[in-house]
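Beneath this line is the structure, given in structure tokens, with notes to follow.
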């Protein structure tokens, strides 16, 4: 029986780590990349050059593969429908991806399903945002309904003037306006799922965000079991609601001791990178198992604590990759490098460590990350 071939739309670090997991399982991959310099294109067995906005490029990719999956959701829905009409297998499917890219649809669907979300409203004009704020209080959170990640496309507005400035930046756009909530913690739940509905849920993790960008992940989250069980329950309910296949990440807020859903991502996620060394089966392996409809793997932690620290470019070190030997000298540090050129704020890699406590694991992960990224840690 020939090895299965998984096509991946996108060639960033998620596709690169999917390829690494696929290689161990005897699965072949083909990535759709803008150029051979992209992270996954440097290592994948097959590369199709083209843009995800180009239907012909998507069709060329799909015709080489048994199943098509994604390292990002930003693909034209009409193109996805065209692939499905031609008989290609897309996992996750177009319906799941449409919810993942549309924050307004997420709020509608989750609220209708009885899942916890912040107070929200659709807005297309500044006056609608201001009226919402008058009912719920200033400040408010304004989000572009489509696009945006890592803090982009999200604004906190404390006055009508700030609302007007945002509306001008995105003239003609559709917004989701939400109540501002005081965050006690930010959590994430990752759910792997097969087409028939079998699920495997990872330990709930705490994410440390700065300016809307994930910097650290701690597994398991330092929360009570009752709250952790509720988070897992919500994660499974969301996965069933959107009909996910492969990995689904559900970001949540803890406010006043209660959980609220923030956003979802229908793919492997930064919050799950700890699982490569930290779990019996990584999120990348389980994503592949899910999209191929193979039995899912055990998601249990292999140590009491597993942590991940992202490494960013910041202009202080022209080529941080040259510091990898210093980072690996830290006991128990696992460095994952993405092969991307350095520029300020760009994710270049991550470090994971395991330990008997989160504090011990974090200390070693931060030391290794600091060797690569000598910014002022301030932690």
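The values are calculated or read from the model by the stated rules, or taken from the named source; none is laboratory data. Because the structure is predicted, anything quoted here is derived from the model rather than measured. Note that we place each Cβ from the backbone using ideal geometry, even for glycine, and neighbour counts take in every protein chain shown.
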Query raised in the report: Can residue 40 be described as at negative phi, without any contact (Cβ under 8 Å) to a residue 60 or more places away in the chain and either in contact with a helix residue (DSSP H, G or I) (Cβ under 6 Å, 6 or more places away or on another chain) or in the same structural domain as residue 243 (by TED's automatic domain parsing) (or both)?
Result: yes
Requested in this report: Quick one: which residue in 246, 235 is in contact with a helix residue (DSSP H, G or I) (Cβ under 6 Å, 6 or more places away or on another chain) and surrounded by 16 or more Cβ atoms within 10 Å (Cβ to Cβ)?
Outcome: 246
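Residues are listed down the side, and each one gets a yes or a no for (1) under 23 Å from the mean Cα position of the chain (by Cα); (2) surrounded by 20 or more Cβ atoms within 10 Å (Cβ to Cβ):
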residue: 292; (1), (2): yes, yes
residue: 295; (1), (2): yes, no
residue: 298; (1), (2): yes, no
residue: 323; (1), (2): no, no
residue: 327; (1), (2): no, yes
residue: 336; (1), (2): yes, no
residue: 342; (1), (2): yes, no
residue: 351; (1), (2): yes, yes
residue: 359; (1), (2): no, no
Query - Counted residues, region 113-125 - those being more than 18 Å from residue 252 (Cβ to Cβ), out of contact with any strand residue (DSSP E or B) (no Cβ under 6 Å at 6 or more places or on another chain) and at pLDDT 95 or above - result: 1
**Report entry** Those residues of region 23-69 which are under 19 Å from the mean Cα position of the chain (by Cα) and closer than 14 Å to residue 285 by Cα, in sequence order
**Finding:** 69
**Report entry** Among the candidates 153, 212, 196, residue that is out of contact with any helix residue (DSSP H, G or I) (no Cβ under 7 Å at 6 or more places or on another chain), exposed (fewer than 14 other Cβ atoms within 10 Å of the Cβ) and at positive phi
**Finding:** 212
Report summary line: Here the residues within region 279-317 that are in a helix (DSSP H, G or I) and more than 23 Å from residue 218 (Cβ to Cβ) are 288, 289, 290, 291
Query raised in the report: For region 323-379, what are the residues that are under 20 Å from residue 218 (Cα atoms) and free of Cβ contacts under 8 Å to residues at least 12 places away in the same chain?
Result: 359, 363, 370, 377, 378
